[in-house]
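K.L.:
What follows is a single structure, and I will ask about it in a moment.
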Amino acid sequence: MGRLIAISNRTAADPKARAGGLAVAVWESLKETGGSWFGWSGTLVDEPPRGANVFRDEGVEFVLTDLTHEEHEKYYLNYANRVIWPVFHYRLDLAAFNSEAFKVYSDVNQRIAGIVADRLQPGDTVWVHDYHFLLMGNALRHAGWEGPTGFFLHIPFPPPEMFRAIPEHHWLARAMCAYDVIGFQSSHDRANFVRYLVEQFDGEELGDDLIRVFGTTTRVAAYPIGIDPNGFRDAASTPQADRAAERISRFLGERHLVIGVDRMDYSKGLPQRFEAVGQLFDAHPEMDGKVSVTQIAPPSRSKVEEYQELRIELDRLAGRINGDHGDLDWIPLRYLARSYSREELAGLFRIARVGLVTPLRDGMNLVAKEFIMAQPEEDPGVLVLSEFAGAAEQLRDALIVNPHDKFKVAEAIYQALTMPLEERQTRWRKLRDVVESQDISWWRNRFLKDLKPAE
């Protein structure tokens, strides 16, 4: 393969952003091939930018463009995050459809495609990431690029009935099928997209993940993303991890730690999780004073009204639970609306008896995999995992729950807290084997192998 060309809204131009997740896989391939990474600079300007900011770091070329204030408002805040995000997370009630915002979304895709096309070379392979650039493949084709072009969607894909609610769904689907390979996090997401193409446009499934539609053949497959398991295991034993574990241990004493770590987003099911925690203490008063639940939820998209309302609701629920169950020397639910470093989180995961990963809908949720890799083999914690996270397809030895059922989630937490050591170890070893064998390199290599042109 020649150069890898990555396109994503945010890049790893900041070296601090190269420690985990997508950046690990993309960064290594970019370095190996002398590739380029295109995306937003993070800067907002008044007038449309001329050209892009170009620089190199460790052999990787970054090509970054500013966004105008209007582009940021309509392409990013409105269309990407108030149309695509809620609909793809099954929340039609929160979508704010806006044809003008779609036009700007389309214009930004075309503008960035023009910047990319000007720098592409024969032999390059283009890999586009996430819901900000659903139209990028088509825009690149119109700009004259004929080389291999793949797309990976990091968030879920909704059922056809929901996707069709987007007024521009025909346009989005046709543009997506300009990619040679379309990757989803789970087989469920893939099935939703394929069913849409079959029902709406008489798409024909050809086998081997191929579908013929719009006069072309596209590979549509599930590529569940992984983590760097060794890297996160190492992070859990750093001095920063030790300090974080020591700090919370002073508060815990002999109590068991139950931990959740999520962006403050309505897709994460945080109100439902808090209600399940309240139900745990209601149903099992013997747990009073013996368990401490810590929820870390750094604010996300704080300018969007729905997120402001979520923050208010979480404050209310936490206050109610602590008021009903707390005591002079015990706070049942600690709720921290701030960020912590990767190493600090790894240290907290390491000493937790239970990890709560209960989104209402999630593409994958890598926190589940990170929690597993931080656990000590001699005394591992238990993962309580939503059936609606993509990770549930792989991590079947977690305690799988319906996040909408507070009674079942509460009982799963209780089961995890009282689970015998031997069962905890058996479940953890099976989960660890999955995370290690299906890691970030496995994910990257599977996708790029399918994207490679036939010899």
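The values are calculated or read from the model by the stated rules, or taken from the named source; none is laboratory data. Everything numeric here is computed off the predicted structure, so don't read it as measured data. For neighbour counting, all protein chains shown are included, and Cβ atoms are generated from backbone atoms with ideal geometry for every residue, glycine included. Quick note on the areas: whole protein, heavy atoms, side chains included, nothing else; ligands and nucleic acids left out. Shrake-Rupley method; radii C 1.70, N 1.55, O 1.52, S 1.80 Å.
K.L.:
What is the packing order of peptides 155-163, 250-258, 202-210, 79-87, taking the mean over residues of other C-beta atoms within 10 Å and listing the highest first?
P.N.:
Descending mean neighbour count gives 79-87, 155-163, 250-258, 202-210.
K.L.:
Only Lys, Arg, Asp and Glu count, each charged at its Cβ (+1, +1, -1, -1), so figure out the dipole size of segment 149-255 about its Cα centre, rounded to 20 debye.
P.N.:
Magnitude of the dipole: close to 420 debye.
K.L.:
Leaving out ligands and nucleic acids, and using a 1.4 Å probe, what accessible area per residue does the chain come to in Å²?
P.N.:
Result: 41 Å² per residue.
K.L.:
Now a separate question. Between segment 148-210 and segment 397-455, how many Å separate their Cα centres?
P.N.:
The distance from the Cα centre of segment 148-210 to that of segment 397-455 comes to 25 Å.
K.L.:
Calculate the dipole size of the chain relative to its Cα centre from +1 charges on Lys and Arg beta carbons and -1 charges on Asp and Glu beta carbons; express the result in debye to the nearest 20.
P.N.:
280
K.L.:
Pulled fully out, how much extra length does the chain show between E305 and A17, if you take 0.36 nm times their separation in residues and subtract their Cα-Cα distance?
P.N.:
Value of the extension gain: 100.9 nm.
K.L.:
Which value at 222 nm does the chain reach when only helices count, each DSSP H run of 4 or more adding -39,500 (n - 2.57), with the total divided by all residues and rounded to the nearest 500 deg cm²/dmol?
P.N.:
Dividing the helical sum by the residues of the chain leaves -12500 deg cm²/dmol.
K.L.:
For helix 239-252, report the angle its Cα long axis makes with the longest principal axis of the Cα atoms of the chain; keep it between 0 and 90° and round to the nearest 10°.
P.N.:
40
K.L.:
Can you tell me the order of 335-344, 190-199 when each peptide is scored by its average per-residue count of other Cβ atoms within 10 angstrom, highest first?
P.N.:
Ranking, from highest mean packing down: 190-199, 335-344.
K.L.:
Let me ask something else about it. State, to one decimal in nm², a quarter of the convex hull surface area for the C-alpha atoms of segment 124-227, i.e. the direction-averaged projected area.
P.N.:
For segment 124-227, the mean projected area of the Cα convex hull comes to 6.7 nm².
K.L.:
Can you pull the percent of segment 65-158's accessible area that's carbon plus sulfur, 1.4 Å probe, other chains left in place?
P.N.:
46
K.L.:
While we're looking at this one, here's another question. D288 to H188: FRET efficiency via 1/(1 + (r/R0)^6), r the Cβ-Cβ distance, R0 35 Å, to the nearest 0.05?
P.N.:
0.35
K.L.:
A follow-up question, please. Taking the DSSP beta bridges in segment 262-392 as the whole, what percent of them are antiparallel, to the nearest 5?
P.N.:
Antiparallel bridges make up about 10 percent of those DSSP assigns within segment 262-392.
K.L.:
Using only Cα atoms, find the angle between the long axis of helix 22-33 and the longest principal axis of the chain, and express it within 0 to 90 degrees, rounded to the nearest 10.
P.N.:
Between the helix axis and the principal axis of the chain, the angle is about 40 degrees.
K.L.:
Give, in nm to one decimal, the length gained when the segment between R429 and R119 is fully stretched (0.36 nm per residue of separation minus the Cα-Cα distance).
P.N.:
Full extension from R429 to R119 adds 107.0 nm.
K.L.:
Stretched out fully, how many nm does the piece from R243 to H142 gain, at 0.36 nm a residue minus the Cα gap?
P.N.:
31.0 nm
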